[in-house]
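Structure first, then comments.
The values are calculated or read from the model by the stated rules, or taken from the named source; none is laboratory data. Only a predicted model underlies this, so the values are computations on that prediction, with no experimental measurement involved. Backbone-built Cβ (ideal geometry, glycine too); neighbour counts: all protein chains shown. Keep in mind that these areas ignore ligands, DNA and RNA; they rest on the heavy atoms of the full protein, side chains included. Shrake-Rupley method; radii C 1.70, N 1.55, O 1.52, S 1.80 Å.
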Amino acid sequence: KTTTAEERADAEALKQGTASSVAEGECESSTLDDFESVDISPSGTFKYVLIEAQDPQGNTKHLVRGYRDSEYHVYAARPTVEKLRDMGMSARVLGGGRLKHAPQQKTLHLWGKSHSFGREDKSVTQSVCQEFYPGYKVTWENGGY
């Protein structure tokens, strides 16, 4: 499904957003460790994004987000990006694609790209997912949309 004007506007707003103005030290109790590296639907085929999060100290963490009920990539990214920014951290969507999660076969397959955010480095997404799902076979390809 291609994008709509509303989705493109939402994606642009997410790209242009900046960290909320949070008082110095206000987010000390919140760290990147509070965010699971992977949060995806338990099974199925759906859109996903790769987010780069950074705390005020400059530490970074890659996060993979994808949900069966997210019609567009921006809606998979927005809850996490907004939460990070509300906590005084920065977040940038590096790109996305589609993901097939087959838990019974213990496989994840990544492919394609996001019309709004582009194609991320799939090897990074693969690495994040492989670390989170050590018993899975995680594969990827750049083809498709």
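Charges at C-beta only: +1 for Lys and Arg, -1 for Asp and Glu. How large is the resulting dipole of the chain about its Cα centre, in Debye rounded to 20? Please list the in-between numbers first.
Working: 18 positive and 21 negative charges, 182 e Å.
Using Cβ point charges on Lys, Arg, Asp and Glu, the chain gives about 880 debye.
Please compute the length gained on full extension between Glu131 and Lys15, using 0.36 nm multiplied by the number of residues separating them and subtracting their Cα-Cα distance.
Using 0.36 nm per residue and subtracting the Cα-Cα distance, I get 39.0 nm.
Here is the link list: Lys47/Lys100; Lys15/Lys100; Lys83/Lys106. Which ones come out longer than 20 Å on Cα distance?
Lys15/Lys100; Lys83/Lys106
Which entry in [x] 46, 38, 23; [y] 47, 31, 28; [z] 80, 36, 27 is this structure's computed Cα extents along the principal axes in Å?
Answer by label: [x].
Order 122-133, 43-54 from most to least packed using the mean count of other Cβ atoms within 10 Å.
Per-residue Cβ counts within 10 Å, averaged per peptide and sorted highest first, yield 43-54, 122-133.
Within 11 Å, Cβ to Cβ, of Ser41, how many net charges do the neighbouring residues add up to if Lys/Arg are +1 and Asp/Glu are -1? Don't jump to the answer; show the numbers that get you there.
Numbers: positive: Lys47, Arg65, Arg68, Lys100; negative: Asp39, Asp69.
So the environment of Ser41 carries a net charge of +2.
Let a ≥ b ≥ c be the square roots of the eigenvalues of the Cα gyration tensor of segment 40-95; is it rounded (a/c under 1.5), or, if not, prolate (a/b larger than b/c) or oblate?
prolate
Of Leu50, Gly112, Pro134, whose Cα points farthest to the positive end of the dipole of the chain (charges on the beta-carbon: +1 Lys, Arg; -1 Asp, Glu; origin at the Cα centre)?
Of the listed residues, the answer is Gly112.
Averaged per residue, what accessible surface does the chain expose to a 1.4 Å probe, in Å²? Numbers along the way, then the final one.
Details: 7700 Å² over 145 residues.
Per-residue value: 53 Å².
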